[in-house]
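**Q** This is the structure I want to talk about, given as structure tokens.
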Amino acid sequence: MEPLALDTIRHSASHVMAAAVQRLFPDAKFDIGPATEDGFYYDFDIEHRLVPEDLERIEKEMAKIVSEKLPFECAEMSREQAHALLSEKGQKYKLERLGDIPEGQKITFYTCAGFSDLCRGPHVSHSGQIGDFRLLSIAGAYFRGSENNPMLQRIYGTSFSSSKELRKYLDFIEEAKKRDHRRLGKDLELFMFSEDVGPGLVLWQTKGARIRNTIEEYWRSEHYKNGYELIYTPHIGLSNLWEKSGHLSFYKDAMYSPMKIDEREYFVKPMNCPFHIQIYNVRNRSYRELPLRWAELGTVYRYEKGGVLHGLLRVRGFTQDDAHIICAPEQIESEICEVLNFSLKVWRDFGFKEIKAYLATRPEKSVGEPERWEQAILSLRKAVSACGLECETDEGGGAFYGPKIDLKIKDALGREWQTSTIQFDFNLPERFDMSYTGNDGQRHRPYMVHRALFGSLERFFGILIEHYSGAFPLWLAPEQARVMPVAESASEYAGQIASRLKESGIRCTTDLGSEKIGAKIKDARNQRIPYMLVVGEKEMADGTIAARNRKDGELGALSFDALLARMKNEIQEKV
């Protein structure tokens, strides 16, 4: 089915849902009910607090409306007629939406099953055509997305043209629930949040910290290999720094309140860029020094509204894997190619194979010389083409200060995540009067490129948890092996094996509990441990280990050296 037809089905399903809600809750007030990429939703103001059992009631009422095959009827009205109708019904949210419609634009109402909605359409001919549907969840949503407005109740649903397509989507939803990083983070003790610390501020637990440390070690090593130098900058800066950068003018709502120290105002940093520029501007630079590639794992703080916080994916304090490339105009094309190839290597090392580029070009309002924009966009296009990446162009979608490439990856469920960004900036070099001396002895303005690979460690970790469903590959696993004695008599031997593995760089633990070996193996499986090593009287006598791993199952009796070689190779190859 064509996407437009599916949109029409889903939009119509949202109206049928609203009609069912109106039958069950006659005093309901309605806001909007659009189709979405995966289904539809509708926002309601109902005195009754909706619970999951209500979804079943609403679904049954929807089924009645579907079976009745009631027509969708369209009526055009004048603004005065529409205002009178909505006022009579007490639909205050719709009245405000009516005010959004520009003068001269046609105003239409669609009616089905007694529910009349201010709507542009289109819709299916009758309610029997909305396909197979399912209501999925209830959430809160502020009217117009503002915390200053009333909180409405939002019902999410989905609709497909066939029961087979619906079943496939529902199976996908169930699998996504199993992989939810918030649930797995708790079950595997990877990270947590605390009300005593504050919403959106992550506490990395020991296992999560192990993985983070492995990621950071990899990140530092690869950056040095790729010609970057690492820098460190403070968590706070004087207000005049943020005034000069423009953050206080354009970004203040996302910054935390200032603190006063020695009668001067400081802000916790929302970004690392102004600090990096301070390092660049500490002295005059020559063209011989360029390009400069500077990277930092810099923790920043941004005020996100409570309603949008979501596990590790949307937080208030996070560590950006930030880098800035400062170069001469003639170097920009090769630098962009280097960044793009570097990004692709990183994503493939972490097990992501499907990667797509999105190029955002110059918007209507922008800063910077037109020829610089043209050169930057051309460099981005050439780099994408050289890497053989599929690319979509978002005409006019760039920031006012420069074009960019976003890389999006697909996870194990085929979901697309926006990750790496390569962003030109024609604004900050001007604001901070950045320059270098060219081979002609004159001052020139350098190009500046912001670059993040993961985006932030927190969000990347959330994506990684869901991609692997918590079963991390050996090189990332916080606990790579667990040694389990069959009986207490083998405990000392188990300890010796574990010690030797740890000395060889393997993250290994022992389970010396009194439980039976079957229970120990089950617990290790539940903890997603890659290697489970069983030892008993026979293994002690033979000097071997009965090994099994998560993927291949039983590996048989292995010598210590054979086991270690296998694990080292798996780690090296990032299998």
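**Q** Can you find even one residue in the stretch 262-269 that is among the hydroxyl-bearing types (Ser, Thr, Tyr) and surrounded by fewer than 13 Cβ atoms within 10 Å (Cβ to Cβ)?
**A** Checking the stretch 262-269: not a single residue is among the hydroxyl-bearing types (Ser, Thr, Tyr) and surrounded by fewer than 13 Cβ atoms within 10 Å (Cβ to Cβ).
Here is a yes/no grid of residues against (1) closer than 26 Å to Gly208 by Cβ; (2) crowded, with 22+ Cβ neighbours inside 10 Å:
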| position | (1), (2) |
| --- | --- |
| Pro473 | yes, no |
| Arg482 | yes, yes |
| Cys508 | yes, yes |
| Arg525 | yes, no |
| Lys538 | no, no |
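**Q** Follow-up. With respect to His15, determine if the residue is touching a residue at least 12 places away in the same chain (Cβ under 8 Å), buried (at least 18 other Cβ atoms within 10 Å of the Cβ) and assigned by TED's automatic domain parsing to the domain that holds Gly121.
**A** Values: touching a residue at least 12 places away in the same chain (Cβ under 8 Å): yes; buried (at least 18 other Cβ atoms within 10 Å of the Cβ): yes; assigned by TED's automatic domain parsing to the domain that holds Gly121: yes.
Taking the combined requirement at face value, the residue satisfies it.
**Q** Let me ask something else. On the given criteria, is Glu175 surrounded by fewer than 17 Cβ atoms within 10 Å (Cβ to Cβ), touching a residue at least 24 places away in the same chain (Cβ under 8 Å) and either under 30 Å from Gly39 (Cα atoms) or among the polar types (S, T, N, Q) (or both)? Working first, answer last.
**A** On the way: surrounded by fewer than 17 Cβ atoms within 10 Å (Cβ to Cβ): yes; touching a residue at least 24 places away in the same chain (Cβ under 8 Å): yes; either under 30 Å from Gly39 (Cα atoms) or among the polar types (S, T, N, Q) (or both): yes.
For Glu175, the condition - surrounded by fewer than 17 Cβ atoms within 10 Å (Cβ to Cβ), touching a residue at least 24 places away in the same chain (Cβ under 8 Å) and either under 30 Å from Gly39 (Cα atoms) or among the polar types (S, T, N, Q) (or both) - is met.
**Q** Sticking with this structure for a sec: Could you list all residues from the stretch 426-455 that are within 29 Å of the chain's Cα centre (by Cα) and either hydrophobic (A, V, I, L, M, F, W, C) or surrounded by fewer than 22 Cβ atoms within 10 Å (Cβ to Cβ) (or both)?
**A** Result: Phe426, Asn427, Leu428, Met448, Val449, Ala452, Leu453, Phe454, Gly455.
**Q** Does Glu335 qualify as being buried (at least 19 other Cβ atoms within 10 Å of the Cβ), among the charged types (D, E, K, R) and in the same structural domain as Asn427 (by TED's automatic domain parsing)?
**A** In short, yes.
**Q** Another question about this same structure. Among the residues of the stretch 221-238, write down those that are farther than 15 Å from Ala323 by Cα and surrounded by 16 or more Cβ atoms within 10 Å (Cβ to Cβ).
**A** Gly237
**Q** Could you list all residues from the stretch 139-167 that are surrounded by fewer than 16 Cβ atoms within 10 Å (Cβ to Cβ) and within 25 Å of Ser67 (Cβ to Cβ)?
**A** Ser161, Ser162, Ser163, Lys164, Arg167
For (1) farther than 18 Å from Thr8 by Cα; (2) at pLDDT 95 or above; (3) under 35 Å from the mean Cα position of the chain (by Cα); (4) surrounded by fewer than 13 Cβ atoms within 10 Å (Cβ to Cβ), each residue gets a yes or a no:
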site: Asp45; (1), (2), (3), (4): yes, yes, yes, no
site: Phe72; (1), (2), (3), (4): no, yes, no, no
site: Lys89; (1), (2), (3), (4): yes, no, no, no
site: Phe109; (1), (2), (3), (4): no, yes, no, no
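**Q** Another question, then. Hey, any hits in the stretch 321-332 for a residue that's among the acidic types (Asp, Glu), at pLDDT 95 or above and farther than 18 Å from Phe461 by Cα?
**A** So far as the stretch 321-332 goes, no, none of its residues is among the acidic types (Asp, Glu), at pLDDT 95 or above and farther than 18 Å from Phe461 by Cα.
**Q** So for the stretch 146-154 (the condition being outside the structural domain of His310 (by TED's automatic domain parsing), modelled with pLDDT of 95 or more and touching a Ser or Thr at 6+ places or on another chain (Cβ under 9 Å)), does at least one residue qualify?
**A** So far as the stretch 146-154 goes, yes, one or more of its residues are outside the structural domain of His310 (by TED's automatic domain parsing), modelled with pLDDT of 95 or more and touching a Ser or Thr at 6+ places or on another chain (Cβ under 9 Å).
**Q** Can I ask one more? Residues of the stretch 365-405 being closer than 15 Å to Leu344 by Cβ and free of Cβ contacts under 8 Å to residues at least 12 places away in the same chain, which ones?
**A** Scanning the stretch 365-405 gives Ser385, Gly388.
**Q** Let me ask you something else. Among Arg293, Arg283, which is the only one that is buried (at least 20 other Cβ atoms within 10 Å of the Cβ) and either modelled with pLDDT of 95 or more or assigned to a loop (DSSP other than H, G, I, E, B) (or both)?
**A** Result: Arg293 is the single residue among Arg293, Arg283 that is buried (at least 20 other Cβ atoms within 10 Å of the Cβ) and either modelled with pLDDT of 95 or more or assigned to a loop (DSSP other than H, G, I, E, B) (or both).
**Q** Here is a further query. Surrounded by fewer than 23 Cβ atoms within 10 Å (Cβ to Cβ), in the same structural domain as Asp542 (by TED's automatic domain parsing), hydrophobic (A, V, I, L, M, F, W, C) and modelled with pLDDT under 95, is that true of Ala487?
**A** Answer is yes for this residue.
**Q** Would you mind listing the helices (runs of 4 or more DSSP H) fully within the stretch 1-115 where at least 2 residues are in contact with a Cys (Cβ under 8 Å, 6 or more places away or on another chain) and closer than 23 Å to Phe160 by Cα?
**A** Qualifying helices (runs of 4 or more DSSP H): 3-24.
**Q** Which one is surrounded by the fewest Cβ atoms within 10 Å (Cβ to Cβ), of the residues in the stretch 556-575 that are hydrophobic (A, V, I, L, M, F, W, C) and under 19 Å from Val535 (Cβ atoms)? It would help to see each step written out before you state the result.
**A** Of all residues in the stretch 556-575, those hydrophobic (A, V, I, L, M, F, W, C) come to 557-558, 560, 562-565, 567, 571, 575.
From what is left, the residues that are under 19 Å from Val535 (Cβ atoms) are 557-558, 560, 562-565, 567.
On the way: Ala557: 16, Leu558: 17, Phe560: 16, Ala562: 14, Leu563: 22, Leu564: 18, Ala565: 12, Met567: 23.
It comes out as Ala565.
**Q** Could I ask something else about it? Would you check which residues across the stretch 450-479 are out of contact with any strand residue (DSSP E or B) (no Cβ under 6 Å at 6 or more places or on another chain) and not in a loop (DSSP other than H, G, I, E, B) and list them?
**A** Within the stretch 450-479, Arg459, Phe460, Phe461, Gly462, Leu464, Ile465, Glu466, His467, Tyr468 qualify.
**Q** Run Ile101 past the list (1) surrounded by 14 or more Cβ atoms within 10 Å (Cβ to Cβ); (2) touching a helix residue (DSSP H, G or I) at 6+ places or on another chain (Cβ under 7 Å) and report the number of the one that doesn't hold.
**A** Every condition holds for Ile101 apart from (2).
The values are calculated or read from the model by the stated rules, or taken from the named source; none is laboratory data. Since this is a predicted model, take the numbers as computed values, not measurements. Virtual Cβ from ideal backbone geometry, glycine too; neighbours counted across all protein chains shown.
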